[in-house]
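Taken together, the values in this text are just the output of simple stated rules run on the coordinates, not laboratory data. Since we're looking at a predicted model, the values are computed, not measured. Note that we place each Cβ from the backbone using ideal geometry, even for glycine, and neighbour counts take in every protein chain shown.
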Amino acid sequence: MNKQENTNADGTKRSLSNRHVQMIALGGTIGTGLFLGASTSITKTGPSIILVYMIIGIFFFLMMRGIGEMLYQDPSQHTFIAFITRYLGQRTGYFAGWTYWIGLICVGMAEITAIASYVQFWFPHLPAWLIQISFLVILTSVNLIAVRIFGEAEFWFAMIKIIAILSMIATGIMMLLTHFKTPTGQVSLGNITTHLSLFPNGINSFISAFPMVFFAFLGMEFIGITTAETKNPRHVLPKAINEVIYRILIFYIGALLVIMLIYPWQSLSAKQSPFVQVFSLVGLRAAAAIINFVVLTSAASSLNSMIYSSGRHFYQLASESHGRFMSHFKGISTHGVPAQGILISATLILLAPVISALPYVSNAFSLITSASSDLYLIVYSLTIIAHYRYRQSADFMPDGFLMPAYKVFDPMLIVFFIVIYISLFFDSSNWLPATMGILWCVIFGFFSSRERSTVPTVPVANDKLL
């Protein structure tokens, strides 16, 4: 493939190889929610947490099949938000685009705040703001140089996470086969099956585990965002998405099973990473430092992806806008990246150290981040409605990467997202962010409906409402 064929019409470059995309897909599936949050979710529901991960994993896989089908039909799109605009109208796309972009910025701010705390594990006297600015400058530069450099960075970030999980699984299997004894008893299947109960801490704890696990999966959709800058996207994309289900089984279900084989789930400490607890048992004194390094790379990976994704989303917003201000962000740099979109996104993420330094703001910052994460549910729902309308449109590609039984699974997905949102109200710590999410939809939704920088979308042939 020559240089011209590697360049899109808008100037962006198809520099990501199959190796990059597969590892970005793996990295997007595995987040700090597993490394740090698994203990909390296990202590909530015990072994039934496996069922929660399996249910949510299946629905995420179905959502990715829907997104993948649309991107397969038109791999030139930088974000799946473009399909919301195309099939649900400019103003709905405007609402979804800004909502998703703001969510990315808030998550990026949370990640950069977490990075500072991880680095301070080794350098407690180093100012948090200096750490945050340093990491942001480095990762923004990585994104500005070339998409291939971003892909290479994500490849190695993902590799570190994968090695850590596979090492823990191998350690657990070794402990099981050698009948290893821990201070809490022998490593065995009995640690899972003894007094097995679906609701060991009550049905409310079981239900409240769903949003916790759901948000651990956020970021999986980044696989699709790389499509426009991937070599041979119609070859790479189906493989990357189809393998999502295996990644969930190995890296989430496998890791959780091993953790509970080693520890009776009632003995796990919710305040410490389960990985630290497992490696400490086999005498690895540096377990805490090693896992701190892993979660640091995981947070850096997430921040790197947030910068990449938010830059592309802002570029998409600019491309779809007819406002004078947004016209400044429609350009692609000589390196083939939307530099202005990346820079404005990174600048807003840079507000994190400023906000964190303000008195009494930590809870508000956490609240805003939680509320923005809740809004992903709204955007995901709109994406699935867009997929349904795509299947009813003249654009539909019958020989493409088809989502199976879309007339059944698309409505099921929307109901699932609604149920997850309702489940937020079963946990007192989530009801306020969930309420803020609803208020955002009402207020910004009204503003979006009156936004004049958008124009009516040309009706899609054969459109039918869901």
### Task
In nm, give the distance between the simple-model label positions of T347 and T334, each being 7 Å from the Cα along the Cα-to-Cβ direction.
2.2 nm
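Determine, from the Cβ-Cβ distance of T178 and R324 and an R0 of 60 Å, the FRET efficiency 1/(1 + (r/R0)^6), rounded to the nearest 0.05.
Approximately 0.30, to the nearest 0.05.
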#### Entry: Built amide H within the under 5 Å cut-off of T230, gap 5+
L16
### Task
Quote the convex hull volume per residue of region 249-363, based on C-alpha atoms, as a whole number of Å³.
203 Å³
### Task
Treat every Asp and Glu Cβ in the chain as -1 and every Lys and Arg Cβ as +1, leave all other atoms uncharged, and give the resulting dipole magnitude about the Cα centre to the nearest 20 debye.
220 debye
### Message
How large is the convex hull of the C-alpha atoms of region 364-404 per residue, in Å³?
### Response
82 Å³
#### Entry: As computed over the chain, the Cα convex hull volume per residue (Å³)
150 Å³
### Task
Can you put T92, T193 in order of Cβ neighbours within 10 angstrom, beginning with the fewest?
T193, T92
### Two-site FRET efficiency, L189 against Q120, from Cβ-Cβ distance with R₀ of 35 Å, rounded to 0.05
0.30
### Task
Take the Cα gyration tensor of region 156-214, multiply each eigenvalue by 5, square-root it, and list the three semi-axes largest first, rounded to whole angstrom.
26, 23, 7
### Query
Can you give the Kirkwood hydrodynamic radius of region 71-150 from its Cα pairs, in Å with one decimal?
15.3 Å
#### Entry: Furthest towards positive pole of dipole, L144, H328, N430, structure part the chain, Cβ charges
L144
### Message
Quick check on the chain: helices-only [θ] at 222 nm, where DSSP H runs of length 4 and up contribute -39,500 (n - 2.57) each and the sum goes over total residues. Nearest 500, please.
### Response
-21500 deg cm²/dmol
#### Entry: Least to most buried among T79, T435 (fewest other Cβ within 10 Å first)
T435, T79
### Query
Over its Cα atoms, what ratio of radius of gyration to 2.2 N^0.38 Å does region 297-337 give?
1.39
### Query
In terms of the Cα gyration tensor, with a ≥ b ≥ c the square roots of its eigenvalues, is region 158-252 rounded because a/c is under 1.5, prolate because a/b exceeds b/c, or oblate?
oblate
### Task
Extending each Cα 7 Å along its Cβ direction at D399 and E243, get the distance between those two points in nm, one decimal.
2.6 nm
### Query
How much length, in nm to one decimal, is gained on full extension between R234 and I160, taken as 0.36 nm per residue of separation minus their Cα-Cα distance?
23.9 nm
## Note on the structure
In this structure, the FRET efficiency calculated for L130 and V442 from their beta-carbon separation, with R0 = 25 Å, to the nearest 0.05, is 0.05
### Task
Take S429, project a point 7 Å from its Cα along the Cβ direction, then tell me which residues of region 39-57 have their backbone nitrogen under 20 Å from it.
39-50, 52-53
### Task
Starting from the Cα of S167, step 7 Å along the direction of its Cβ; do the same at I422; then give the gap between the two resulting points in nm.
4.4 nm
### Task
Just subtract the alpha-carbon distance of L358 and A286 from 0.36 nm times their residue separation and send over the number in nm, one decimal.
22.5 nm
